[in-house]
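This report concerns only the one structure given below.
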Amino acid sequence: MLLAVDIGNTNVVIGLFTGQDLRARWRLTTGRDRMPDEWWVQLVTLSQSEGLRLQAVRAIVIASVVPTLTAAFTELAQRRLGLQPVVINGAQDLGLPLHVDHPLEVGADRICNAVAAIERFGAPVIVVDFGTATTFDVVDSAGAYVGGAIAPGLAVAFEALTQRAARLFTVALEAPPRAIGRNTRESLQSGTVIGYAELVRGLIRRIRDELGREAPVVATGGLADLVAPLVPEFLGIEPDLTLHGLRIAFARLQRQTDGS
C-alpha cells in the first residue's frame, strides 16, 4: 500500500492506496504541535477501524505547506515503518512544466492538483481548491502549469469579519435563500457564501479569457461542497484530487528511479 499525506494549514488529509484504488481516506485537524507518536497512534486506530494494517504500507508520499509536520511525518515514516518518504516539490520532474517565475514557490498541493486534473480531464484545465486559501491553478493547452490566483479562504475571511466587527456574530456557513438578506444571519451568509461564489465565477471568467478558450473547471478542497453548487462553471467536484495527484506524482518518480 501507498500512504499519501496532504498536510495543509487547517487539515491533514491522509489516503491509503492499493494501486489506483483509494482504500481509505481521513481528514484530520492540523495539530502543529502533535508529536510523531501521537500521529502514529491516531493512524493505527483509524486504519484498524477500516480493517487495514499500516505495517502493510510500502511507500509514503507527502505534500506539505507546514514544515514542522513534514518533519513529524518523516520521523514517523522512518521510525515506525522503516521508510523514507517522498516529499513532493517544484524541483522534481513530474511531467508538469512549471511556467512561472519561481517554480520552487509553487505549493506541492497545487502541483498535485494540476497533475491529477490533467490525468482526469486533460489540458487545458483549471482547478479551484477551497481550503485555508482558495487557490486557482491553471494548466494551458500544452499541459504546462502557468500559474493561478490565491484568495483568502472562505472560512478565514468569515472568521476575520465576525471577530473584528463587534456587532456581528458567527452563524452557520451555508448558502442563504436569497442574495438580499432579511436579517443579519442571512446577510452574513449572502456576503460570504454567495459573495465567494461570484468571486470564483469572476476569476474563472478572467482566466478563461487569458487562456483564450473554455477550459474545464474542477473543484476540490474541504469547502468545495459549500460553494461549488453555486458556480455553474464547475464540471464537477473531486474531493480526493490532491490525494490522487500524490499517487500519480509518486508513480512517475518511481518509474524514473526504476529506469535509472
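When A172, A160, A165, A249 are checked against the criterion of being surrounded by 13 or more Cβ atoms within 10 Å (Cβ to Cβ) and among the small types (G, A, S), a single residue qualifies: A249. Remark: V115 falls outside the filter, which requires a residue to be of a type in the set (V, I, T), in contact (Cβ under 8 Å) with a residue 40 or more places away in the chain, buried (at least 21 other Cβ atoms within 10 Å of the Cβ) and under 27 Å from G195 (Cα atoms). Among the residues making up segment 176-191, those that are in a loop (DSSP other than H, G, I, E, B) and surrounded by fewer than 16 Cβ atoms within 10 Å (Cβ to Cβ) are P177, R178, A179, I180, R182, N183. Within segment 174-186, residues that are within 22 Å of L223 (Cα to Cα) reach partners that are part of a loop (DSSP other than H, G, I, E, B) with beta carbons closer than 6 Å, at six or more positions or on different chains, in the pairs R185/V171; E186/P176.
Picking from residues in segment 1-25 that are touching a residue at least 40 places away in the same chain (Cβ under 8 Å) and not in a strand (DSSP E or B), the one that is surrounded by the fewest Cβ atoms within 10 Å (Cβ to Cβ) is Q20. Going through (1) buried (at least 18 other Cβ atoms within 10 Å of the Cβ); (2) within 30 Å of E159 (Cα to Cα); (3) in the same structural domain as R32 (by TED's automatic domain parsing) one by one, T68 falls short only on (1).
Look at (1) outside any helix (DSSP H, G or I); (2) within 19 Å of N9 (Cβ to Cβ); (3) touching a Lys or Arg at 6+ places or on another chain (Cβ under 7 Å) and you find that F136 fails only one, number (3). Of all residues in segment 154-175, those satisfying the criterion of being more than 21 Å from D225 (Cβ to Cβ), in contact with a Leu (Cβ under 9 Å, 6 or more places away or on another chain) and assigned to a loop (DSSP other than H, G, I, E, B) are L168, F169.
Annotation: of all residues in segment 206-242 being among the charged types (D, E, K, R) and either buried (at least 19 other Cβ atoms within 10 Å of the Cβ) or in contact (Cβ under 8 Å) with a residue 24 or more places away in the chain (or both), the one that is nearest to V65 (Cα to Cα) is D240.
Provide a single number: the residues in segment 26-66 that are in a strand (DSSP E or B) and either touching a residue at least 24 places away in the same chain (Cβ under 8 Å) or among the aliphatic types (A, V, I, L, M) (or both). Qualifying residue count for the region: 8. None of L94, L104, L83, L69 is touching a residue at least 12 places away in the same chain (Cβ under 8 Å), assigned to a loop (DSSP other than H, G, I, E, B) and over 20 Å from M1 (Cβ atoms) except L94. Among the residues making up segment 145-166, those that are in contact (Cβ under 8 Å) with a residue 60 or more places away in the chain and either small (G, A, S) or not assigned by TED's automatic domain parsing to the domain that holds A215 (or both) are G153, A155.
The values are calculated or read from the model by the stated rules, or taken from the named source; none is laboratory data. Note that the structure is a prediction, hence the values are computed from the model and not measured. Cβ sites come from the backbone with ideal geometry, for glycine too, and all protein chains shown count toward neighbours.
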